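The values are calculated or read from the model by the stated rules, or taken from the named source; none is laboratory data. What you are looking at is a predicted structure, and each value in this text was computed from that prediction instead of being measured. Positions of Cβ are backbone-derived with ideal geometry, glycine not excepted, and every protein chain shown enters the neighbour counts. Ligands, DNA and RNA are excluded from the accessible area calculation, which covers all protein heavy atoms including side chains. Shrake-Rupley method; radii C 1.70, N 1.55, O 1.52, S 1.80 Å.
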Amino acid sequence: MKKHLDEETRKSIENSLERGLFPQWVLTDPDIYNIEMEQIFLRTWQLLGHESEIREPGQYVTRWIVNDPVLLVRNGGGEIKAFLNSCTHRGVHLCTADAGKKKSFTCPYHGWSYNLDGDLIGIVAGDKIYGEEMDKKDWGLRPIPRVEVYKGLIFANLDPQAMPLEEFLGEFRWYLDIMLGRSDGGMEVRGVPQRWVVHANWKMVSENFVDPYHVQTSHRSTVELGMSPEDPLYASYGHGVACNHGHGICVITSSPKSKARPVKYQGLPQEMWPMFERNLTKEQLEVFEKVKVLVGTCFPNMSFNCPLHGNEGHLYNYFNVRVWRPLGPDKVEVISWFLIDQSAPEQYKEDAYKGYIGSFGPSGTLEQDDTEIWARVVQASKGFMVRDKSLNYNNFSNYLMGYDHVAPDETFPGPGVAYSTNYVDFMTRGYHDYWFEMLTKE
Ligand code: FES
Ligand SMILES: [Fe+2]
């Protein structure tokens, strides 16, 4: 199995990135995929869940970091613990329920059991069958090397030397705070996260969330249903922002020519406004006040969508965050959480949840538009012509939008490099550049 790029491939990818291109074969290449696993997924922060999913001692959820099963649990003292979800006796996948509440975990193979701190506490037929040889202390569950929480979101990293989570989120935190830090009590997960499998490459779906250029074509049906404006530029208004470490965000606003009455704070109930004004900075409020949709990707594979949905009188907003878990170069498991301000009125939460299910849930209209397109990208990226690196063909995808004529907007109040339109490829290119940096890191 290849662990590093050979020199020729490295140069060819580097050369294409410098020209604002991306090699199409990279989306389906098994060698690249294996290198990505070692170089990226073994070293970067991965979203596991949200604190509100495991509020009480004994509550747990089971998740994956690519192929490592993870048991995420709140222990008796209220701390969050994450273990490799594998029995230390013979390696069985210990707990296979998605979520639940327990005092201990018992292995279905030979019955060893573990407490909420991962200690081995029970051996069927007693310790004596192992004699003096075995000390139970040595056979506890293996902890995930790093677990850190940011505004309720629980992340893990398999690399004990990884940079701290807050440093990794970097400039992107300022934008996350608008969504996760605006309300007292923060956000909470409603329902259970949905999971489904799509035929797609993990990078392609991640970059789709910083590519609003697709919206007016892929989601044309929403225009025809009168849910989105006719103007083909409608997703371009606002600012596209490339942040450090490959993260990117689109701050989408209404057309400056729109005649519709402006909606403040994404249509969230007016009784919540004083709280936003207390919790956010002047600059964050300046962005939040006018924004319609905040959508983006946190490198490598966490994307989110925080939209304004509905019609006048029935507007709602939520924070939908998803992890694109790679299952191969052309397959991704989507894990999608619905989060909402804990302090929002109950009826509002329920209406927003229904709105999410109908749009970005697995059977949602917008989700299905995207799923179809993503599959078509990998479908057409596997053949001989795309994989021929002899340069007889143009084997590169185009990331040249705004390349030579859009300059950064220095007046934008948020961090990162901001451009005064979302129809630019600076966010996707920032994502690719960081991907390449990680891929080739010693
Ligand atoms: S594999 Fe778990 S008790 Fe044997
Ligand atoms: Fe889309």
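Brief remarks on what is shown
- Using a Förster distance of 56 Å, the FRET efficiency for ILE129-PHE384 (Cβ separation, nearest 0.05): 0.40
- Heavy-atom accessible area, probed at 1.4 angstrom with all protein chains present, ranks VAL92, VAL334 as VAL92, VAL334, highest first.
- The solvent-accessible area of SER363, taken with every protein chain present and a 1.4 Å probe, is close to 80 Å².
- Per residue, region 49-150 exposes 52 Å² of accessible surface when a 1.4 Å probe is rolled over the protein heavy atoms with every protein chain present.
- Taken over region 1-78, the alpha-carbon convex hull comes to 132 cubic angstrom per residue.
- Taking all protein chains into account, the per residue accessible area for region 169-439 stands at 42 Å² (1.4 Å probe).
- Peptide packing: for 133-143, 370-380, the average count of neighbouring Cβ atoms within 10 Å per residue gives the ranking 370-380, 133-143, highest mean first.
- Rotationally averaged projected area of region 310-442 (alpha carbon convex hull; nm²): 13.1 nm²
- Portion, in percent, of the accessible area of the chain that falls on carbon or sulfur, probe 1.4 Å: 51 percent
- With all pairs of different C-alpha atoms in the average, the Kirkwood value for the hydrodynamic radius of region 169-439 is 19.3 Å.
- As a ratio to 2.2 N^0.38 Å, the alpha-carbon radius of gyration for region 116-200 is 1.70.
- The candidates MET37, MET385, MET1, arranged from most to least accessible area with a 1.4 Å probe in the full protein assembly, appear as MET1, MET385, MET37.
- Proportion of all alpha-carbon pairs of region 255-295 beyond 17 Å (%): 33 percent
- In summary, the lysines within cross-link reach of LYS151, defined as a Cα separation below 29 angstrom excluding same-chain residues under 8 places away, comprise LYS81, LYS101, LYS102, LYS103, LYS203, LYS264, LYS282, LYS290, LYS292, LYS349, LYS354.
- Note on LYS101 and ARG376: their simple-model spin labels are 4.7 nm apart, each label 7 Å out from Cα toward Cβ.
- Paramagnetic label zone (point 7 Å from Cα along Cα-to-C-beta, LYS441; backbone N under 17 Å) in region 125-152: 145-148
- Cα gyration tensor category, rounded, prolate or oblate, for region 49-150 with a/c compared to 1.5: prolate
- Part-to-part distance (alpha-carbon centres) for region 305-347 and region 7-61, which is given in Å: 21 Å
- Using the Cβ-Cβ distance between GLU286 and GLN347 with R0 = 22 Å, the FRET efficiency computed as 1/(1 + (r/R0)^6) comes to roughly 0.15.
- Put VAL223, VAL197 in order of accessible area, highest first, and with a 1.4 Å probe you get VAL197, VAL223.
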